[in-house]
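What follows draws every value from the coordinates through simple rules; no lab data is involved. From a predicted model like this one, the values you see are computed outputs, not experimental measurements. In this analysis, Cβ positions are derived from the backbone assuming ideal geometry, glycine residues included, and neighbour counts consider all displayed protein chains.
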Amino acid sequence: MNTKGHLHQIHPVLPVKNVIDALAFYVNKLGFKIAFADDSTNPKYAGIRRDAIEIHLQRHDASEWDVAIDRPMLRIVTEHIEALFEEYKTKDVFHTKTALKETAWGTKEFGFYDLDKNGLTFYRDL
């Protein structure tokens, strides 16, 4: 048998200071639904879903936030980018420079940060 492995999904894990606060942000502001949580009252690890993507959120101790490290950046392929931009524009999640723009590398995209400065860029190919 000459079967080759096939990658078909990815579930990135984002570090967060407080899983409950992160869940509230992703559910109430970005339209995700809670997929699972390791504890119903004080979760340390949880998953959220919207459409075909799933992101995991993992609590990291305060001591880990003192170190100057780069934050994760997710690039999420998006259909109907204009509609998503308009939806999020009303949710008070954009920073002052958030704009829907066409790029030199052939995409239309916008981005912003979550509560823990994890970067989220939503895009589609032109």
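Could you tell me the relative contact order of the chain? Use alpha-carbon pairs under 8 Å, at least six residues apart, and round to a whole percent. All intermediate terms of the calculation are to be shown ahead of the outcome.
Values: 199 pairs, mean separation 28.7, N = 126.
Taking the mean separation of contacting Cα pairs over the length of the chain, I get 23 percent.
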Short version: ³J(HN,Hα) in whole Hz for each residue of the stretch 46-54, in order, from phi by Karplus 6.51 cos²θ - 1.76 cosθ + 1.60 (θ = phi - 60°), x for Gly and Pro, what are they?
8, x, 10, 9, 8, 6, 9, 10, 9
Burial ordering of Glu109, Glu102, Glu54, fewest other beta-carbon atoms within 10 Å first:
Glu102, Glu54, Glu109
Near Lys117, which lysines are there with a Cα under 27 Å away, not counting those fewer than 8 places off in the same chain?
Lys17, Lys29, Lys33, Lys44, Lys89, Lys91, Lys97, Lys101, Lys108
Global form of the stretch 71-121, assessed from the alpha-carbon gyration tensor, a/c cut-off 1.5
oblate
Residue-averaged [θ]222 nm for the chain, counting only DSSP H segments that reach four residues, each worth -39500 (n - 2.57):
-3000 deg cm²/dmol
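Classify the stretch 33-82: rounded, prolate or oblate, from the alpha-carbon gyration tensor (a ≥ b ≥ c, eigenvalue square roots; a/c under 1.5 rounded; otherwise prolate if a/b is larger than b/c)? Can you show the working numbers first?
Numbers: a/c = 3.99, a/b = 1.27, b/c = 3.14.
Oblate shape, in that a/c is at least 1.5 and b/c is the bigger or equal ratio.
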So, over other residues within a Cβ distance under 9 Å of Arg59, counting Lys, Arg +1 and Asp, Glu -1, the net charge is +1
Three-way shape label, the chain, alpha-carbon gyration tensor, a/c 1.5:
oblate
If the chain between Glu102 and Val13 were fully stretched, how many nm would it gain, using 0.36 nm times the residue separation less the Cα-Cα distance?
29.2 nm
Let me know the longest stretch in the chain that avoids all trypsin sites (Lys or Arg not before Pro) found in a DSSP loop with at most 15 other C-beta atoms within 10 Å.
45-90
Around Gly31, which amide H atoms from residues at least 5 apart in sequence, or from another chain, sit under 5 Å from its own amide H, with H modelled in the peptide plane?
none
Distance in nm between label sites at Ile53 and Ile20, each 7 Å beyond Cα in the beta-carbon direction?
2.7
